[in-house]
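Q: Please read through the structure below; I'll follow up with questions.
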Amino acid sequence: MRLVPGWALLSSGCAPVVLIGGWTFAASLEGPAYDPATQTISVLAAYGAAGFWVMTAALAALGVCHVLTALGLRPAALPGRAALGAGGVAALVVALIPPPSSGGSLRHGSVAAVGFVLLAVWPVLAADRRGAAPWGLRPVPSLTATALMVLGAAWFMIEMHQGGAAGVAERLVTALQSLWPFVVVASCLFHRHQESPSR
């Protein structure tokens, strides 16, 4: 089995930290006017927002983390690695085209949607159907992760349409999308550690 370099664990572990830390710090800069339950992360990254620079930097760092993780995740199937890397590039582009301070942005929304899709489907595309695969790359966990991300994205769209808890839904699905690469990399490294005594 192809080995995962140790730096991939660092890059994958940094992804949820920079994302969650970014939106938490940016929201604190916004103050009580910002409602994280109903307002999206994009509001924090909009031109003129008090935490604009924090959220923009966090999205850019998230993108770099995903790209680096995709490069290092050698045991994963190539289509999954490509989707994860492309999802990272989408996060970088989202950081480069923030929404305006009021109203929507078709460019920002379109790129964010593409990123959502890529980061939702990469687990199932990365799956290794051989019996000896690391846990995070086995078909059932991979399919489950993708299904949860798709359901989370659907919930987010419903909440956006109804004007409900869009912030909660978005944070749940993006947190899961940022955490899953770490789970997969950790399972690959653990799998390698478990195999090494028999060699």
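The values are calculated or read from the model by the stated rules, or taken from the named source; none is laboratory data. All figures in this text were calculated on a predicted structure; none of them were measured in a lab. For neighbour counting, all protein chains shown are included, and Cβ atoms are generated from backbone atoms with ideal geometry for every residue, glycine included. Note: accessible area is taken over every heavy atom of the protein model, side chains too, but ligands, DNA and RNA are not part of it. Shrake-Rupley method; radii C 1.70, N 1.55, O 1.52, S 1.80 Å.
Q: What distance in nm separates the two pseudo spin-label positions at Arg129 and Asp35, each 7 Å out from Cα along the beta-carbon direction?
A: Using points 7 Å along Cα→Cβ, the separation is 4.8 nm.
Q: Right, another one. If you wrap a convex hull around the Cα atoms of segment 1-149, how much volume per residue is inside, in Å³? Don't skip to the answer; put the middle values down first.
A: Details: hull volume 15.3 nm³, N = 149.
It comes to 103 Å³ per residue, whole-number rounded.
Q: How much FRET efficiency would the formula 1/(1 + (r/R0)^6) give for Ile20 and Leu106, where r is the Cβ-Cβ distance and R0 is 30 Å, rounded to 0.05? Display every interim value, and only then the final one.
A: Numbers: r = 27 Å, r/R0 = 0.91.
E between Ile20 and Leu106, to the nearest 0.05, is 0.65.
Q: Over segment 51-146, with every protein chain in place, what whole percent of the accessible area is carbon and sulfur at 1.4 Å, could you tell me?
A: Roughly 76 percent of what the probe reaches on segment 51-146 is carbon or sulfur.
Q: Moving to a separate point now. Just to verify a number: FRET efficiency for Ala50 and Met157, C-beta to C-beta distance, R0 = 30 Å, to 0.05?
A: The formula returns an efficiency of 0.65 here.
Q: Round to a whole angstrom and tell me the spacing of the C-alpha centers of segment 1-67 and segment 104-183.
A: Segment 1-67 and segment 104-183 have Cα centres separated by 16 Å.
Q: Under a 1.4 angstrom probe, counting protein chains only, how are Leu96, Leu119 ranked by accessible area, largest first? Please list the in-between numbers first.
A: On the way: Leu96 135, Leu119 15 Å².
Sorted by accessible area, descending: Leu96, Leu119.
Q: Treating the angle as unsigned and between 0 and 90°, give the value, to the nearest 10°, between the Cα long axis of helix 139-162 and the longest Cα principal axis of the chain.
A: 10
Q: With every protein chain left in place, what is the accessible area per residue of segment 1-123 in square angstrom, probe 1.4 Å?
A: Working: 5370 Å² over 123 residues.
Per-residue value: 44 Å².
Q: Next question, about the same structure. Could you rank the peptides 149-161, 26-38 by their average count of other C-beta atoms within 10 Å per residue, with the highest value first? Write down the numbers at each step before the final one.
A: Values: 149-161: 16.8, 26-38: 14.5.
Put in order of decreasing packing, that is 149-161, 26-38.
Q: Please check: in the Gaussian network model of the chain (C-alpha springs, under 10 Å), which one of Ser11, Ser42, Ser102 has the largest mean-square fluctuation.
A: Comparing Ser11, Ser42, Ser102 in a Gaussian network model of the chain, the most mobile one is Ser102.
Q: Okay, moving on. So for the chain, averaging the separation of alpha carbon pairs under 8 Å that are six or more residues apart and normalising by length, what relative contact order in percent results?
A: Here the relative contact order equals 26 percent.
Q: In addition: Report the accessible area of Trp135, computed with a 1.4 Å probe over the heavy atoms of all protein chains in place, in Å² rounded to the nearest 10.
A: Solvent-accessible area, nearest 10 Å²: 130 Å².
Q: For an R0 of 25 angstrom, estimate the FRET efficiency from the Cβ-Cβ distance between Val114 and Arg2 and round to the nearest 0.05.
A: Numbers: r = 28 Å, r/R0 = 1.13.
Plugging the Cβ-Cβ distance into 1/(1 + (r/R0)^6) gives 0.35.
Q: If you put +1 on each Lys and Arg Cβ and -1 on each Asp and Glu Cβ, how big is the dipole of segment 57-199 around its Cα centre, in Debye rounded to 20? Working shown, then result.
A: Values: 9 positive and 4 negative charges, 93 e Å.
With Lys and Arg at +1 and Asp and Glu at -1, about 440 debye.
Q: Could you state, as a whole-number percent, how many of the C-alpha pairs of segment 89-163 are farther apart than 20 Å?
A: Details: 1269 of 2775 pairs.
Cα-Cα pairs in segment 89-163 separated by more than 20 Å: 46 percent.
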